[in-house]
1. Name the most mobile residue of S89, S41, S192, meaning the one with the largest mean-square fluctuation, in a Gaussian network model of the chain with Cα contacts below 10 Å.
2. Below 12 angstrom from the Cβ of T34, what's the summed charge of the other residues (Lys, Arg +1; Asp, Glu -1)?
3. Could you give the nm distance between label points at I201 and E149, where each point is 7 Å from its Cα heading toward the beta carbon?
4. Obtain the nm distance between the two label points defined at C118 and A40 by a simple spin-label model: each point lies 7 Å from its Cα along the Cα-to-C-beta direction.
5. So, in nm, how far is label A108 from label A28 when the simple model puts each one 7 Å beyond its Cα toward the Cβ?
6. Compute the angle between helix 47-70 and the longest alpha-carbon principal axis of the chain, please, reported from 0 to 90 degrees and rounded to the nearest 10.
7. Please identify the trypsin sites (Lys or Arg not before Pro) of segment 10-49 that satisfy two criteria: DSSP loop assignment and at most 12 other Cβ atoms within 10 Å. Which are they?
8. Run the helix sum for the chain: -39,500 (n - 2.57) per DSSP H stretch of 4+ residues, divided by residue count, reported at 222 nm to the nearest 500 deg cm²/dmol.
Amino acid sequence: MIVMAKVDGRQFASDLVVSHKSMIAEIARLAACTSANAAASAPTMDHESATLVAEWFERFARMVHHHHTAEDDDVFPLLAQRDTSFVDSRKALEEDHGALTVAMTAVATALAALRDDCAEPERTLRTRTLAARAADLHATLDAHLAREEAAILERMSRDLTTKDIAGFERKNFKRYNRHDIAWSVSWILESSHGADRDAMIKRVPWPLRAMHRLFWQANYRRLTAPLGPYRAAVK
């Protein structure tokens, strides 16, 4: 995610945890939705729902790609420089990122198949394939986040300075176009919960909060409508 203010290593680590919670929350939502659709007594995912979810997931996967690129190119090398014991963990986490790319591609492919018009029993088969791919992604992401937090949170808090983090963010900002920024703001505000969400609302500048409330929120909720109910609007 894009950090909206100057922060030290401890706050940067805290922000990372919030972004991780939001990632797994939305993928859990996808997995639950597709599992329900795949149940024998439930209707399969229709073309319209698959089209909306596919557009949402394309943007989600793009955001995760930016997140991983920032870690692989900027954060992990500096942590390894400051603490040589991180080298083995770094390799494992970068391998995890590759596995997540494969898992996300499998979900995107399954969603693309459901966007096509097809009759039964093919639509049921494709719905069940999507459910399996979403469950695989959820499990892969959940395991990766646990490994990553165990490996880097303490190191980030201890070894990264405000200047380091400002440098990361300057580089990361160049990876995001205006559509990415709009989507990322909506994603973090819609998928975080409780105290985490309250903290992020305060950290996102008010012009972006206003744009989210007036324009971006409705689009995010339109795309995620098939995944489940909405929560209260951002104040």
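Bear in mind these aren't lab numbers, they're just calculated from the coordinates by the rules spelled out. Keep in mind that this is a model prediction, so the values were computed, not measured. All Cβ positions, even for glycine, are placed from backbone atoms using ideal geometry, and neighbour counts span all protein chains on display.
1. S41
2. +3
3. 2.3 nm
4. Between C118 and A40, the simple spin-label model gives 2.2 nm.
5. It works out to 2.6 nm between the two label points.
6. Value to nearest ten degrees: 20.
7. Numbers: sites: R10, K21, R29; in loops: none.
Passing sites in segment 10-49 do not exist.
8. -25500 deg cm²/dmol
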